[in-house]
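Please treat every number below as a calculation from the coordinates, not as lab data. Remember, it's a predicted structure, so these values are computed and weren't measured experimentally. Virtual Cβ from ideal backbone geometry, glycine too; neighbours counted across all protein chains shown.
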Amino acid sequence: MRRRLATILPLSGWVALRRLVLIGVALPFVFLLFGLTGEESEHWRQVRSHMLPTYIWETAVTVGGSVTLAALIGISLAWCVALHAFPGRRAFEVILLLPLAIPAYISAYTYDGLLGYTGAIQAALRNHLRIDVNDYGFSAPRMANAIFIFAIAYYPYIYIFARTYLRNHGASMLESAMLLGGVRGRIFFRVILPLLRPSLIAGGTLVCLEVLNDYGVTSYFGIHTFTTAIFAAWFGMGETASAVKLALLLLAAVLAILLASKALQRVGRYHLASGKEKGCRPRKLEGLGAAGAFFLCFSAAAVCFLIPAAQMLAWARMVWDASIIASLLPDFWKTLFVAGGASLMIMALASASAVACHAYPGRLSKLAAQAASIGYAIPAAVLAIGAVTLFARIDGMIVRFAVGFLRVPLGMTVWLLLYAYVVRFFSIGYQAVEGGYLKIGNLRSEVSRVLGRGPTMTFLLVELPMLRNAIISGSILVFVDIIKELPLTLILRPFNFNTLGTRAYEFANNEAIPETSLPALAIVAISAAFVALMQLRNERSETSC
């Protein structure tokens, strides 16, 4: 019995650290459940009776419309780039990923200013072409605006999954369909699209989670989603109990989406008959075909990245001032500090969890790793309420048992923000390290263990050099996501603590749209550089393999 317990619960430092990570990720959501124990307030009764149907409807329409439009854009671009050769194709493979470098709320500010009455388009029509423009002709319904912004910001999630599949698989099925006389357009709908269903589900799930997490776009366009309702209840009304109940409803919606995604992945599953399945060979286009493919990719790149970037550059030139730059420098360094610090913490904890899972494999290890990775699926507003509740309890215990130990409560320091970042983005770092382990296999690690090396020395001397690329890629992804993060930073930042994202939000909230360009450009420049670096590293590793 003792030996069996030792195999189930091995007493190792790596396993203990993994359990601490799991507890740390789970605690905010455990404390969030305490919000159900209070009495029902009058504000919550009003919300439940009058506003809750509006929150459900507008959230559902926004999420559904965004996923549909993002899928249309992502799959069409993946089909064009992965299966066709045309001038500029290699450049578009990188450029079409750059919209990930522009946060959705920044795209919203940019396009609203660009298409507004004083924007460049209407001003050019009035001043140069002498066309009297009706401003209503350029205004779209607020929900349509949000769906458009979400689609152009998050379509790369679907594009990446679809392009990767078409580049590495599906050649035999495509060739068989063409040998049987299938027309290329019909083959797309009858063969390729069903094969892309797992990629579409995986990318679409990420788009759903990003839209549910958003606050900047929905609040700017005045859409009543659950996230904006949580902010309104917590900050506007001071109704913490109502905010907690709305957060739990949003958490239930997220879990329902994740369960539906898993169920759809299991329906109609298929497996490749051969493990040597090759990727589709691009078909060379000429004439009108090449021009059409180039125009499609260039239009997507222009709308999703080049036009917003050009507008921000124009605004930056207009508002450029040494005093503004000097005032933004502290925000720039604070952004790098929290993003860099959180990235290091996440990758260290993710590496430790992955080492524990591989050194001590088992069902419990896999379950603990999956449970610790749930944070990314939870909207930031939900996580923020749980983290604040947790730190309030910790501060209360410190004041009770160690009077005078803290000059400032932990809940009012940057540690609260860093902790929330670790919980939310731990999944990205862990998946990156786990993917690295799947590539290198277990042979070298097992040889090292047979030769007498323990898990720690095996990791440091054998596994870590081979996992270097995976850890660097995971660090880049985490760093870029934290720089772009807005809701968590808005809620949990200490007093008088601004990042580039919160500074851009404050400018937009004060209707100073051109001034948003300077912090926005800094975010875009940093993110675009890291996204391009990651893409080049991936291309180099694929070439070397």
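With the crude spin-label approximation of a point 7 Å out along Cα→Cβ, what separation in nm comes out for Arg126 versus Ala252?
With each label placed 7 Å out from Cα toward Cβ, I get 4.9 nm.
Give, in nm to one decimal, the length gained when the segment between Arg19 and Asn510 is fully stretched (0.36 nm per residue of separation minus the Cα-Cα distance).
Once the chain is fully extended between Arg19 and Asn510, it gains 172.3 nm.
Please list the non-local residues whose amide H lies under 5 Å from the amide H of Arg453, H modeled 1.01 Å from N, same-chain partners needing a gap of 5 or more.
none
Beyond a 31 Å Cα-Cα separation, which of these cross-linked pairs lie in this structure: Lys284/Lys484; Lys245/Lys484; Lys262/Lys334?
Numbers: Lys284/Lys484 38 Å; Lys245/Lys484 27 Å; Lys262/Lys334 39 Å.
Among Lys284/Lys484; Lys245/Lys484; Lys262/Lys334, the Cα-Cα distance tops 31 Å for Lys284/Lys484; Lys262/Lys334.
Please give the peptides 414-421, 87-94, 58-65, 346-353 ranked by average Cβ packing (other Cβ atoms within 10 Å per residue), highest first, as a rough proxy for protection.
By packing density, highest mean first, the sequence is 346-353, 414-421, 58-65, 87-94.
Take peptides 422-429, 292-299, 98-105 and line them up by average Cβ neighbours within 10 Å, highest first, as a rough protection proxy.
Values: 422-429: 25.8, 292-299: 16.2, 98-105: 24.1.
In descending order of packing, they fall as 422-429, 98-105, 292-299.
Can you tell me the FRET efficiency between Ala529 and His43 if r is taken as the Cβ-Cβ distance and R0 is 41 Å, rounded to the nearest 0.05?
Working from the Cβ atoms, E equals 0.35.
Obtain the nm distance between the two label points defined at Leu33 and Ala85 by a simple spin-label model: each point lies 7 Å from its Cα along the Cα-to-C-beta direction.
Using points 7 Å along Cα→Cβ, the separation is 5.8 nm.
I need the peptides 514-523, 154-163 ranked by packing, meaning the mean over residues of other C-beta atoms within 10 angstrom, with the highest value on top.
Descending mean neighbour count gives 154-163, 514-523.
Given the C-alpha centroids of the stretch 496-529 and the stretch 316-356, what is the distance between them in whole angstrom?
13 Å
Calculate the spin-label point distance for Phe298 paired with Thr54, positioning each point 7 Å from the Cα along the beta-carbon direction, and give it in nanometres.
Taking the two extended label points, one gets 4.5 nm.
Full-extension gain between Ala310 and Val94, please, as 0.36 nm times their residue separation minus the C-alpha to C-alpha distance. All intermediate terms of the calculation are to be shown ahead of the outcome.
On the way: separation 216, 0.36 × 216 = 77.76 nm, distance 1.81 nm.
Gain on extension, Ala310 to Val94, equals 76.0 nm.
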